[in-house]
1. Any chance region A:215-224 includes a residue that's within 14 Å of another protein chain (Cβ to nearest Cβ), within 22 Å of A:V184 (Cβ to Cβ) and either surrounded by 21 or more Cβ atoms within 10 Å (Cβ to Cβ) or in contact (Cβ under 8 Å) with a residue 24 or more places away in the chain (or both)?
2. Within region A:261-283, restricting attention to residues that are surrounded by fewer than 14 Cβ atoms within 10 Å (Cβ to Cβ) and more than 22 Å from A:S224 (Cβ to Cβ), which residue is farthest from the chain's Cα centre (by Cα)?
3. I'm trying to understand the selection: among the residues of region A:194-213, which are under 19 Å from the mean Cα position of the chain (by Cα) and not acidic (D, E)?
4. Go through (1) among the hydroxyl-bearing types (S, T, Y); (2) farther than 17 Å from A:V283 by Cα; (3) not in a strand (DSSP E or B) and name the single condition B:S112 misses.
5. Tell me the residue from B:N45, B:N68 that is under 17 Å from B:L110 (Cα atoms) and either at the interface with chain A (Cβ under 9 Å from one of its Cβ atoms) or in contact with a Leu (Cβ under 9 Å, 6 or more places away or on another chain) (or both), please.
6. Got at least one residue in region A:167-176 being more than 9 Å from chain B (Cβ to nearest Cβ), under 30 Å from A:V215 (Cβ atoms) and not acidic (D, E)?
7. Go through region A:60-87 and count every residue that is more than 9 Å from every other protein chain (Cβ to nearest Cβ), assigned to a helix (DSSP H, G or I) and closer than 21 Å to B:D43 by Cα.
8. Among all residue pairs at least 6 apart or on different chains, which show Cβ distances below 7 Å where the first residue, located in region B:118-135, is in contact (Cβ under 8 Å) with a residue 24 or more places away in the chain and the second is among the polar types (S, T, N, Q) and loosely packed, with under 13 Cβ neighbours inside 10 Å?
Amino acid sequence: MQQNYFTLRLISFIMLTGLFLLGNSCKSGNKGQEGKEVGIEDFLSEEDIFDDIDKAKKIFYSLPSPLETAMLLKSAGVEYNETVLNDLAGVEKYSTNKSKALNLGIYTTDLSFASLFDQAQTSLKYMDVTKRLANEMGISDAIDEETIKRLEQNLDKRDVVMDIISETFLNSSSYLKENDQQDVAAIVLVGGWIEGLYIGTQMIGNQFVAGSKLVDRIAEQKLSFSIVERMLQDNSKKITGEENRDIVDLINELHALKAAFDKIEVQTSAVKIDEKDTAKVTVLKSQTKINVTPEAFAELQAAVKSLRNNFVQ
Amino acid sequence: MKKFIPYIVTLAVLLFLNVSVNAQCKGFAKKLCKLELTGYIHDGNYHAAILTEGEEAELYKTFYSGQNYRIAVCGSETLPAIEFQIIDAYKNVLYDNRQHDVSIVWDFNLESSQQLKIVVKVPVSAQKSEYPKSGCVAIMFGFQEK
């Protein structure tokens with residue numbers, strides 16, 4: 001009798017483990033409210049979108065990737081300046097998993113930034129350090145010799161170069177996420193995103209102009225910061241329930257940045273779509289109110305600089 | 001001890017299946033779903049998971065003004081056509097692919113930057129089967145300068 005009970009418990013354990021491993025953790029529930037009209041005079045802040053988050057579902061948080069970050073900087077009018085990029089020789093220093101992951105993100109943003117400005121030789125050098133860090137993190141198939149060769153052969157074709165960078169980043173992030181290293185993938189993304197903020201804030205220096213395209217683009221990163229917070233919070237515990245030290249440390253390191261973003265106001269109105277518009281690309285019409293004082297921007301600049309300097313040390 | 005062997009084998013098979021299913025999902029996203037972004041630059045982010053009929057997933061992302069975006073939501077062959085909605089912070093449904101022949105992609109740009117939520121659902125298949133179907137669902141983003 002006792003043996004049967006034990007066998008039953010064992011079978012239950014195996015089945016539950018199997019179900020867990022297969023990742024089927026979602027429950028359905030339709031919350032769409034189609035066609036609801038909201039006046040454009042109403043504005044919401046960055047936390048409101050998470051109001052009805054359903055933790056039972058599979059949740060993804062998406063940050064601007066290093067490639068998108070570089071593109072956002074360029075479209076906001078940033079000019080190329082190699083002195084702000086992370087020192088290539090720094091790759092020798094990164095010995096912990098956390099510093100490797102952060103700097104994989106940082107170097108990938110630098111690589112993307114150099115490539116967008118057609119800096120062929122610099123791009124190759126940054127691809128090399130990125131490859132080295134990825135290899136040290138066990139992601140050897142993210143960037144292979146074939147990738148480097150393809151990059152060398154297409155350095156004058158920006159679209160191909162960007163496709164190669166996109167593919168190498170996809171290789172790293174998919175490898176990490178599918179090998180139960182979502183926490184490491186999150187750290188890589190945070191590193192890359194902070195590097196974008198660093199480049200942007202450094203380019204402004206002491207030339208702050210309220211309402212300029214670049215200042216607004218940097219202030220709008222407050223919207224992504226709330227996603228950073230949630231993504232890290234979701235990864236703050238290991239699968240065993242144990243605290244994830246690297247992630248908890250990173251959350252603590254971001255406190256000064258959070259305090260700086262708290263002094264910047266970014267509010268968005270509801271989105272309207274012209275239903276009669278038959279264009280291939282739909283335009284989402286809305287307004288964003290951004291209020292950033294020179295003092296608040298200086299605080300943000302200082303917080304980003306300090307954070308980024310700690311990451312690359 | 002011998003009587004535990006079948007259970008250990010079962011556990012090993014489940015572990016192997018998990019690795020194998022994940023690898024298939026990665027391949028599906030990279031080789032098939034990414035093709036839907038042709039004409040756009042894929043941002044490089046990977047969002048894919050194994051979902052079962054009736055299940056939903058949500059994705060939160062900030063989209064910035066000044067760029068054209070394409071979202072592609074793809075499901076593997078085993079699954080019925082995947083449904084998705086794009087919702088703003090005011091809970092307005094901005095796009096529902098059920099009203100566009102369950103299209104896999106949607107192209108858009110924004111007058112001002114916004115956080116949006118993408119709700120993805122695997123509908124329950126009309127064809128009845130003994131077990132609910134599971135398969136890979138990938139959400140991918142491409143962008144281009146306006």
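Every number in this text was worked out from the coordinates using simple rules, so none of it is lab data. Please read these numbers as outputs of a predicted model, since none were measured by experiment. Backbone-built Cβ (ideal geometry, glycine too); neighbour counts: all protein chains shown.
1. Yes; the residues of region A:215-224 include at least one that is within 14 Å of another protein chain (Cβ to nearest Cβ), within 22 Å of A:V184 (Cβ to Cβ) and either surrounded by 21 or more Cβ atoms within 10 Å (Cβ to Cβ) or in contact (Cβ under 8 Å) with a residue 24 or more places away in the chain (or both).
2. Step one: of region A:261-283, the residues surrounded by fewer than 14 Cβ atoms within 10 Å (Cβ to Cβ) are A:262, A:274-280.
This time we only want the ones that are more than 22 Å from A:S224 (Cβ to Cβ), so: A:274-280.
Working: A:D274: 31, A:E275: 33, A:K276: 35, A:D277: 33, A:T278: 33, A:A279: 31, A:K280: 28 Å.
Only one residue fits best here, namely A:K276.
3. Listed by number, the residues that qualify are A:I194, A:G196, A:L197, A:Y198, A:I199, A:G200, A:T201.
4. B:S112 satisfies every listed condition except (2).
5. The conditions single out B:N68.
6. no
7. Kept after step one, since they are more than 9 Å from every other protein chain (Cβ to nearest Cβ), are these residues of region A:60-87: A:69-70, A:73, A:77-87.
The next check asks that each one be assigned to a helix (DSSP H, G or I); those that pass are A:69-70, A:73, A:82-84.
From what's left, closer than 21 Å to B:D43 by Cα: A:69-70, A:73.
Looking only at that region, the number is 3.
8. That search, which allows pairs on different chains as well, returns B:K133/B:T78; B:G135/B:T78.
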